[in-house]
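Where a number appears in this text, it was derived from the coordinates with a stated rule and is not lab data. None of these values were measured; they are calculated from a predicted model. Virtual Cβ from ideal backbone geometry, glycine too; neighbours counted across all protein chains shown.
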Amino acid sequence: MRHFWLCLVLLLSALPARAISIVEVRKSLVRITNTSQEANYRTPWNPGAVGGGTGTGFVIGGNRVLTNAHVVCNARFISVERENDPKHYVAKVLFIAHDCDLAVLSVDDPKFFQGTVAVSFTNQIPQIESSVSVYGYPIGGDRLSVTTGVVSRIAFQPYAHTNADSHLAIQTNAAINPGNSGGPVLQEGKVIGVAFQGFSGEVAQNVGYMIPVPVVQRFLKDIEDGHYDRYMDLSLTTFPLLNPAQRRALGLQEEGGVLVGSVMSGGACDGMLKPGDVILSIDGHAVQSDGFVELDGERVEMPEVVERKFKGDTVAFHILRDKAPLDVTAKFEQAWPFHLQASEYDVKPRYLIFGGLVFQPVSRDFLQANPTDNLRVRFLYNAYVSDEIYKDHPDLVVLSGILPDPVNTYLTGLRGGIVDAVNGCKIKTLQEMADALAKPADQYVIQLMGEGRPIVMERAAVDAARERIKTRYNVRNEQNLSE
């Protein structure tokens, strides 16, 4: 069985453009230990289990440490160590970007940075077959480890940390193991990437990945104003136009162009592009028939142009609409707002308990903790973006559990159902459900999608059972409505 795994390691930053020696690399590297607490999506009113792990980081300008987000996510306590220094220093997260798996730390004790060296980045993406060295603290020992290999591929790849984001990544056959995450990958004395994940399985061998410099530099640029705005997204789907008959039907006379398949409501291109449009160029870069553009001398996928955009920036398209040329411009007002299908970190599970009935919004993390055979839940989850389910249901609120009590007897068969309405009021979010259940009423009729019989709860019985249920199941708070 093949799978992506995240390695616990770190990377470098600092913008002086000079190569460094192995001695200076050792002065930059940091071993990170994270004591973390994961969210509990099975009993969301309880704190999750305390665990932890180790990774790598390195010193960048401004007395900061750069590493991977997955090294320090869900942190409760972080300590860092330098090579040949036995002292553990307390650190904290300054900025964290889960969508591109990067984070910046600060260290409370200024003595930590005495004698350290900030390693510089290259300004170019490395060439295929060029040699690289990976530095870090992987499993197998506590001392510095160095592995070497070559660059074997440069392409868009899924970033395993969120399971929903894809960015430019560099593949190498240099060994990258758990513990290497966040560590720098160097070429000719300059950082060309940050080690962050590997790929293992019965077929794949020696497949490791690093986050390339353009992604790192974008993250560091984004946080300069003291806030991370996340990656911008076109929020559309496109299809290649390689079929000659299809190209003629669309009125294309020359090579190039991709077909817009869908445009997501709430995204940057909503109202600017339409399904059936043909994108001929983006920001002046000609779009080839397979969806690639030439950027900085490299042939990359079209989204790479947008990868370098920030909130407030614009992107210009030259398109063909109904066989007529047209120029349109879209502005990035915000990042894509719907993250139901992404793994989330550093947040508390949202939930609502009413008469021993536990209601939670569906998410990737929720489904991993609460597998379901409910076909309606699975369909709506999978089609959440493609079918724009989010327009009518920003939250898919489900009856996730029942804390047995006389007030909720005979309702077990309804577990896993999606809430449609409360007392005739349609429910789109968990907050709306909380508001509906807070309104004075003698009884509350909760209708689930596709169920003929509703849940009926009497207010007096719910109030009488409240303290009894809280005491029996050790429930401190009956709801958490915000992340």
A chain fully extended from residue 341 to residue 188 at 0.36 nm per residue, minus the present Cα-Cα distance, gains in nm 51.1 nm
Highest mean packing first, using Cβ neighbours within 10 angstrom, the peptides 164-170, 440-446 sort as 164-170, 440-446
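Take 393, 318, 161 and order them by how many other Cβ atoms sit within 10 Å, fewest up front.
Numbers: 393 21, 318 18, 161 26.
By the 10 Å Cβ count, ascending: 318, 393, 161.
Give me the compactness ratio for region 351-480, meaning the Cα radius of gyration over 2.2 N^0.38 Å. Walk me through the numbers on the way to the answer.
Details: Rg = 14.3 Å, N = 130, 2.2 N^0.38 = 14.0 Å.
Taking the Cα Rg and dividing by 2.2 N^0.38 Å, one obtains 1.03.
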Quick calc, region 351-480, dipole around Cα centre from Cβ unit charges on Lys, Arg (+) and Asp, Glu (-), nearest 20 debye, gives 260
Whole-Å distance linking the alpha carbon centroid of region 87-111 with that of region 442-483 is 41
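Report, in listed order, any pair from 190/221; 311/391; 27/311; 190/309 with a Cα-Cα distance greater than 27 Å. Mind dumping the intermediate values first?
Working: 190/221 19 Å; 311/391 23 Å; 27/311 36 Å; 190/309 25 Å.
Correct reply: 27/311.
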For the chain, the longest principal axis of the Cα atoms and the Cα long axis of helix 459-472 enclose an angle in degrees, to the nearest 10, of 50
For percent of Cα pairs over 39 Å apart, with candidates (1) 42; (2) 21; (3) 35, the value calculated from the shown model is option (3)
Asserting the computed 222 nm helical MRE of the chain (DSSP H runs at least 4 long, -39500 (n - 2.57) per run, divided by residue count, to nearest 500) equals -4000 deg cm²/dmol
Ordering 43-49, 461-467, 358-364 by per-residue average of other C-beta atoms within 10 angstrom, highest first, gives 358-364, 43-49, 461-467
The farthest towards the positive end of the charge dipole of region 351-480, of the residues 465, 417, 446, given +1 on Cβ of Lys and Arg and -1 on Cβ of Asp and Glu, is 465
Descending packing, highest mean Cβ count within 10 Å first, for 113-126, 74-87 is 113-126, 74-87
Length-normalised contact order of the chain, Cα under 8 Å, at least 6 apart, in percent, tallies to 12
Region 193-271 and region 328-398 have their Cα centres apart by a whole-number Å value of 23
In the chain, taking the dipole from +1 charges on Lys and Arg beta carbons and -1 charges on Asp and Glu beta carbons about the Cα centre, the listed residue (394, 479, 159) farthest towards the positive end is 479
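What is the magnitude of the charge dipole of the chain about its Cα centre, with +1 placed on the Cβ of each Lys and Arg, -1 on the Cβ of each Asp and Glu, and no other charges, expressed in debye to the nearest 20?
Numbers: 45 positive and 54 negative charges, 208 e Å.
Around 1000 debye, computed over the chain.
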Quick calc, region 3-220, dipole around Cα centre from Cβ unit charges on Lys, Arg (+) and Asp, Glu (-), nearest 20 debye, gives 360
HN-Hα couplings for region 48-53 via Karplus (6.51, -1.76, 1.60; θ = phi - 60°), in whole Hz with x for Gly/Pro, come out as x, 5, 8, x, x, x
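So how do 92, 27 line up by other beta-carbon neighbours within 10 Å, fewest first? Can you show the working numbers first?
Details: 92 12, 27 19.
Lowest to highest Cβ neighbour count: 92, 27.
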Taking Cα atoms, the helix 213-222 axis meets the longest principal axis of the chain at an angle in degrees (rounded to 10) of 60
